[in-house]
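*Asks:* The structure follows.
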Amino acid sequence: MSNYHIKHLEEYFQVYRKSVENPEKFWEEIAEEHFLWRKKWDNVLSWDFTKPEVKWFEGAKLNITENCIDRHLLTRGDKTAILFEPNNIKEEAQHITYKQLHQNVCKMANVLKSKGVQKGDRVCVYLPMIPELVYTVLACARIGAVHSVVFAGFSSTALATRINDCDCKIVITSDGSFRGKKTIDLKGIVDESLESCEGVKTVLVAKRIQSEITMKQDRDFWLQPLLEEASSECEPEIMDAEDPLFILYTSGSTGMPKGMLHTTAGYMVYASYTFKNVFNYTENDVYWCSADVGWITGHSYIIYGPLANGATSVLFEGVPSYPDFGRFWQTVEKHKITQFYTAPTAIRALAKEGVDYVKNYDLSSLKVLGTVGEPINEEAWHWYDDNVGKNQAPIVDTWFQTENGGIMITPIPYVTPTKPTYATLPFIGIQPALMNEEGKEIEGNQVSGRLCIKFPWPSIARTIWGNHKRYKETYFSAFENKYFTGDEALRDEVGYYRITGRVDDVIIVSGHNLGTAPIEDAINEHPAVAESAIVGFPHEIKGNALYGYVILKDTGESRNQDNLRKEINQIITEQIGPIAKLDKIQFTEGLPKTRSGKIMRRILRKIANNEADNLGDISTLLNPEVVEGIIKKVLN
Ligand code: PRX
């Protein structure tokens, strides 16, 4: 018995113990009993965090889409796999069955093949939350191509960087996307980015908003006619356990985003097993994760995890505020959602609008509520618990990262007693450690430190695409023989974890990871800007917002500062995307620096957080005199 579905706390502790005392045996049993293999593995795990190198289920052969689709066809062929809820409430929802998913994925796979896509090729997916997105992702996996989904809110420059970094020859996009009342010209963004992507030879365009777009001859093709002609049968490519499945970019402390590479078998096993337990999934549930597939949460918990379990997974195209702030709750009622998984920033934004929007709908189908992406504050936690879950549906505060592939620290609903703001206990197989700044592990409870993981889990990213050195430096160099998360956490008296935030130059705004360096690079491109520094400050809805300190080349007296602020945010929107816009921009004459020339962000952070009376010793600065000037002009 492999304990695939944990039902009570004692069982959790038993299974957890088993998973850390003999991880190979534990994961071998899970893999053996719950997945379809073309060939079993020769070796369950080999690892060395000093290289770093991790391999799970080496020698095994499989195709993840056989596990997510084909094996359900006999028993669940007519069951809804993807429930598409469109942006516009008047457009009918689509129930895409497992049989239809199979046909559509095969058709898409054949279209990709007809355009020359082969095993191992990278495919850039820049699509809104429409069924074609799911088909494309799975079609890549079907033929062994590596998907690189880029969130369709990223700008043309950000898209180009990601296309070039992993050398994609093909982009799948749409004429545009719906976002509430607005439409976004996705094809226009792709066209702009391709001006600097010489490698892209083909663009496939799904029709969604029926806008007039230009199609470049011999490069751009409408997807629908190709799909209509394609065969609905496509034999899966048989992959090695460690063959790449996808690349997903995440921000880092330096300019270039990191293309996290995930491989096939371990990712599948972990995404599937966590989905089953973290959402207490049972056969007739209708599960909804409101994240975008452009993030890891969407990869693992809209597509791969749910489908590997034969679940019905909702794909929501819209936004929480359209046509009004009741949209989430109306959708829960309409589809009788059983598990609802969203981000703290969405909860805070909806809480602000009052409970009337919630009260209008019947939410009694809900049995589990989830949150992910950033720390959830106590007030938002209780609002969610009281008004959405009516204190009946446990909240799972799930902590993980793009690099992790699957949920790492989380309550198991109906098993782990929850505690507001705490992600609680490590998931099965996860061995966290808190470290002090001297590199020693902090034992015992009621302590806090830097969060590391001591032992590999099946879905750990294997490398940064094209830059293994950076992978090693970023995650395996700060603490010997451990994976460093970049987060800080505390452990309470019973061993529950609370993730308190980043310790590096990544700021989480509305659940999106933003590195300060690429934003500063963008600002510095403005001809009037000499230098800049970005820090985060607490924001009621977004969790954190961005505060920019900007030094102008001329002292700025003669310039209209409001216009400059707009121009700076415009550049950021163009280079990265609107999510990275600054809430506050303070023009300053200097930035506090160390004697080696490094900007002291700690000081800037305190000033932006209104803690200027608590700066500590600043006498070691190269230029302590600038600090007072900055404090005087701080923006509230
Ligand atoms: O700081 C942590 C925060 O989000 C970071 C990972 O971001 P990303 O790779 O975009 O993945 C987000 C979705 C999995 C983490 O390093 N984070 C994520 N979940 C939580 C969280 N912080 C606190 N509580 C969480 N539940």
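*Asks:* Accessible area, 1.4 Å probe, largest first: how do Asp42, Asp362, Asp492 sort?
*Replies:* These residues rank, largest area first, as Asp42, Asp362, Asp492.
*Asks:* With a 1.4 Å probe and every protein chain left in place, tell me how much accessible area Arg470 has, in Å² to the nearest 10.
*Replies:* Using a 1.4 Å probe on the heavy atoms, I get roughly 40 Å².
*Asks:* Now for a separate question. If ligands, DNA and RNA are left out, what is the accessible area of His526 with a 1.4 Å probe, given in Å² to the nearest 10?
*Replies:* 10
*Asks:* Still on this model: Might you tell me the accessible area per residue for the range 493-636, computed with a 1.4 Å probe and given in Å²?
*Replies:* The answer is 48 Å² per residue.
*Asks:* Within the accessible area of the range 385-494, what % is carbon and sulfur when the probe is 1.4 Å and the other protein chains stay in place?
*Replies:* Summing carbon and sulfur atoms, their accessible area is 43 percent of the total for the range 385-494.
*Asks:* Name the residues of the range 1-42 whose amide N is less than 16 Å from a point 7 angstrom out from the Cα of Thr282 along the C-beta direction?
*Replies:* Only 4-8 fall inside the zone, counting backbone N under 16 Å.
*Asks:* Quick one: order Tyr287, Tyr357, Tyr414 from most to least accessible surface, probe 1.4 Å.
*Replies:* The ranking, largest first, comes out as Tyr414, Tyr357, Tyr287.
*Asks:* For Asp562, project a label point 7 Å along Cα to C-beta. Then give me every residue of the range 580-600 with its amide nitrogen under 15 Å of that point.
*Replies:* Correct set: 585.
*Asks:* Using r as the Cβ-Cβ distance of Val319 and Glu11, and R0 as 41 Å, what FRET efficiency do you calculate, to the nearest 0.05?
*Replies:* 0.55
*Asks:* Here is a further query. Report the relative contact order of the range 239-331, percent, no decimals, based on alpha-carbon pairs under 8 angstrom and at least 6 residues apart.
*Replies:* 21
*Asks:* Round to a whole number: what % of the accessible area of the range 105-163 belongs to carbon and sulfur, probe 1.4 Å?
*Replies:* 46
*Asks:* Which whole-number percent gives the relative contact order of the chain, counting Cα pairs below 8 Å spaced six or more residues apart?
*Replies:* So the answer I get is 12 percent.
*Asks:* Another question, if that's okay. Report the gain in length on full extension from Tyr4 to Tyr414: 0.36 nm times residue separation, minus Cα-Cα distance, nm rounded to one decimal.
*Replies:* 146.1 nm
*Asks:* Further, regarding this structure: Which of Lys61/Lys119; Lys7/Lys367; Lys115/Lys169; Lys115/Lys201; Lys79/Lys207; Lys25/Lys51 have a Cα-Cα distance over 21 Å?
*Replies:* Exceeds cut-off: Lys79/Lys207; Lys25/Lys51.
*Asks:* If you don't mind, there's one more thing I want to ask. Could you give the accessible area per residue of the range 1-129, probe 1.4 Å, as a whole number in Å²?
*Replies:* Per residue, the range 1-129 has 45 Å² of solvent-accessible surface.
*Asks:* Still on this model: Which Cys residues of the chain have no other Cys beta carbon under 4.7 Å away?
*Replies:* Within the chain, the cysteines lacking a partner Cβ under 4.7 Å are Cys68, Cys140, Cys166, Cys197, Cys289, Cys452.
*Asks:* To check you understand DSSP bridge types, tell me what percent of the beta bridges within the range 490-636 (both residues inside) are antiparallel, rounded to 5.
*Replies:* 75
*Asks:* Another question, then. How would the range 56-148 be classified by its alpha-carbon gyration tensor: rounded, prolate or oblate, with rounded meaning a/c under 1.5 and the a/b versus b/c comparison settling the rest?
*Replies:* Because a/c hits 1.5 or more and a/b fails to exceed b/c, the range 56-148 counts as oblate.
*Asks:* If Ser174, Ser364, Ser448, Ser290 are ordered by their accessible area, calculated over protein heavy atoms with a 1.4 Å probe, which sequence runs from highest to lowest?
*Replies:* Ser364, Ser448, Ser290, Ser174
*Asks:* Evaluate 2.2 N^0.38 Å with N set to the residue count of the chain, then give the Cα radius of gyration divided by it.
*Replies:* 0.95
*Asks:* Could I ask something else about it? What number, rounded to the nearest 500 deg cm²/dmol, is the helix-based mean residue ellipticity at 222 nm of the chain, given -39500 (n - 2.57) per DSSP H run of at least four residues and division by all its residues?
*Replies:* Result for the chain: -8500 deg cm²/dmol, rounded to the nearest 500.
*Asks:* A follow-up question, please. Label Asp218 and Gln94 with points 7 Å out from Cα along Cα→Cβ: what is the distance between them in nm?
*Replies:* Going by the 7 Å Cα→Cβ label model, 3.2 nm.
*Asks:* Cut-off 17 Å, label point 7 angstrom out along Cα-to-Cβ of Arg595: give me the residues of the range 603-636 whose amide nitrogen falls inside.
*Replies:* 617-625
*Asks:* Could you work out how far apart the two model spin labels at Lys182 and Lys440 are, taking each label as a point 7 Å from the Cα in the direction of the beta carbon, and quote it in nm?
*Replies:* 5.2
*Asks:* Between Ile618 and Glu198, what is the spin-label point distance in nm, taking each point 7 Å from the Cα along the Cα→C-beta axis?
*Replies:* Distance between label points: 4.9 nm.
*Asks:* Calculate, for the range 209-294, the solvent-accessible area per residue in square angstrom, rolling a 1.4 angstrom probe over the heavy atoms of the protein chains.
*Replies:* 37
*Asks:* By the gyration tensor of its Cα atoms, with a ≥ b ≥ c the square roots of the eigenvalues, what is the shape of the range 492-636: rounded for a/c under 1.5, prolate for a/b over b/c, or oblate?
*Replies:* Because a/c hits 1.5 or more and a/b fails to exceed b/c, the range 492-636 counts as oblate.
*Asks:* Please state the shape class of the range 74-232: rounded when a/c is under 1.5, otherwise prolate if a/b exceeds b/c and oblate if not, all from the C-alpha gyration tensor.
*Replies:* Oblate is the answer for the range 74-232, as a/c is 1.5 or above yet b/c matches or exceeds a/b.
*Asks:* Sticking with this structure for a sec: Need one number: % antiparallel among DSSP beta bridges in the chain, to the nearest 5.
*Replies:* Bridges in the chain are about 60 percent antiparallel.
The values are calculated or read from the model by the stated rules, or taken from the named source; none is laboratory data. On a predicted model such as this, the values are computed, not experimentally measured, just so you know. In this analysis, Cβ positions are derived from the backbone assuming ideal geometry, glycine residues included, and neighbour counts consider all displayed protein chains. The area values use the complete protein model at the heavy-atom level, side chains included, leaving out ligands, DNA and RNA. Shrake-Rupley method; radii C 1.70, N 1.55, O 1.52, S 1.80 Å.
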